[in-house]
Amino acid sequence: MRKRNSRASNRRTRRNRVGSNPSLVQKINSMSNTKKIIGAATIVTVLAAGAAGVLAGMYSNNNEIDSSYSSVIEDPREIGDGNVTFQGVLDKRVSAEDYLNHLSSTMPEILEAKKEGFLQGIYYDPSDKQLEKIALQHFANIDMPIDGDFQAFLESIIDYSNTMRTRKTNRISTVREGLSGKGNYSFMLVWPTVFKKGNFVKEEDFRLAMRHELFHTRDAFYGISYDGVLIDDTKLSDNFLVNLGELRATAVEIEYILNHPNEISPEYTSNRLNIFVKWRDNMCPINEYETEIKKKQLAELPISVTVKGNSLRGYFKDSEKFVEAKYTKHKIPNYCLK
């Protein structure tokens with residue numbers, strides 16, 4: 001989820017610093033922490049990271065996590081490593097909450113994100129009340145006043161969440177603040193559909209999807225720089241900004257696949273190669289600034305994906321190492337063809 005560009009200008013004029021508003025802080029603190037895996041929240045336009053999505057989840061389970069274990073950051077839950085696996089969740093031997101708690105206290109990339117501060121929390125199948133808390137914390141985080149924009153924003157999150165619970169495809173979502181590079185933290189939302197059989201074949205497929213989302217949170221926190229200069233995301237159209245962010249995060253996945261070819265399933269490898277091409281081809285500049293950013297981003301990527309007939313090949317630019325998959329054609333916006 002990303003804040004729309006139209007609100008960027010509002011942030012410059014409305015500096016009511018809601019983060020220091022005692023009544024707001026009190027309201028946030030008084031709200032329930034149940035079902036929280038780690039942390040707390042940020043947002044304004046929902047972005048779904050391809051097949052991996054920005055939201056993720058499992059079978060609908062409305063049981064609340066014990067409050068003493070609600071924050072893995074402060075009170076990690078000790079679970080035997082050998083028993084808590086993605087397959088265990090699929091087989092219903094392990095709850096989604098226990099599995100996510102386990103990842104939150106053991107997965108190096110999550111630990112790094114928490115330590116550096118760009119991931120504030122992970123929520124599994126959050127309730128409307130939790131989504132309200134996330135929205136409040138997001139507005140406090142980005143210094144936005146609680147006004148009409150907040151209510152519209154909250155309603156959009158709830159509507160989006162209801163949609164994610166009924167989708168057949170897997171979803172992991174992040175609530176984040178564009179690519180401002182202003183140190184705004186993000187939240188990850190995990191949805192029940194993630195743990196349906198067929199969405200991820202192997203444990204490492206799911207972990208790689210998590211790395212994709214964590215890369216989004218890093219970009220949101222630090223921003224994107226080329227030649228040491230931060231990009232100005234207010235100069236980028238929503239379509240370009242979405243595709244830029246997704247291209248970068250998917251490239252991270254492909255780089256991992258190339259370095260660990262036997263860890264990721266052929267199905268997920270194929271999906272990632274196709275999604276990479278989708279984001280790349282849909283990143284259609286509509287002004288000189290976007291054209292410059294696209295050129296710099298493509299030159300910076302260590303990997304490339306080529307399309308030949310019905311086949312895809314992903315490879316390191318300076319290596320013979322590659323992976324192949326069948327090409328699944330995707331729709332390109334009309335303005336890309338002009």
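Every number in this text was worked out from the coordinates using simple rules, so none of it is lab data. Remember, it's a predicted structure, so these values are computed and weren't measured experimentally. Here the Cβ is made from the backbone with ideal geometry for all residues, glycine too, and neighbour counts use every protein chain on show.
Highest mean first, how do 156-163, 207-214 rank when packing is the count of other Cβ atoms within 10 Å averaged over residues?
207-214, 156-163
Tell me, what are the semi-axes, in whole angstrom and largest first, of the equivalent ellipsoid of the stretch 168-227 as set by the roots of 5 times the Cα gyration tensor eigenvalues?
One finds semi-axes of 27, 12, 7 Å for the stretch 168-227.
Taking just the alpha-carbon atoms of the stretch 199-338, what radius of gyration and Dmax come out, in angstrom?
Both quantities, over Cα of the stretch 199-338: 15.1, 42 Å.
Straight-line reach only, C-alpha to C-alpha below 14 angstrom: list the aspartates and glutamates that Lys202 could link to, leaving out same-chain residues fewer than 8 apart.
Asp91, Glu263, Glu267
Roughly how many whole Å is it from the C-alpha centroid of the stretch 280-306 to that of the stretch 109-171?
With the stretch 280-306 and the stretch 109-171 each reduced to a Cα centre, they are spaced 29 Å.
Which aspartates and glutamates have a Cα lying under 13 Å from the Cα of Lys317, excluding residues fewer than 8 positions away in the same chain?
Excluding near neighbours in sequence, the set is Glu255, Glu300.
Aspartates and glutamates within cross-link reach of Lys278: Cα-Cα under 15 Å, excluding same-chain residues under 8 positions apart?
Straight-line reach from Lys278, under 15 Å: Glu246, Glu253.
Just want to confirm a number: the relative contact order over the stretch 234-338, from Cα pairs under 8 angstrom separated by 6+ residues, in percent.
29
What does the charge count near Arg211 come to, summing +1 for each Lys or Arg and -1 for each Asp or Glu among other residues with Cβ under 9 Å from its Cβ?
Every neighbour counted, the sum reads -2.
Filter the GluC sites (Glu not before Pro) in the stretch 239-316 down to the DSSP loop ones having no more than 16 other Cβ atoms within 10 Å, then list what survives.
Sites meeting the loop and neighbour criteria: Glu263.
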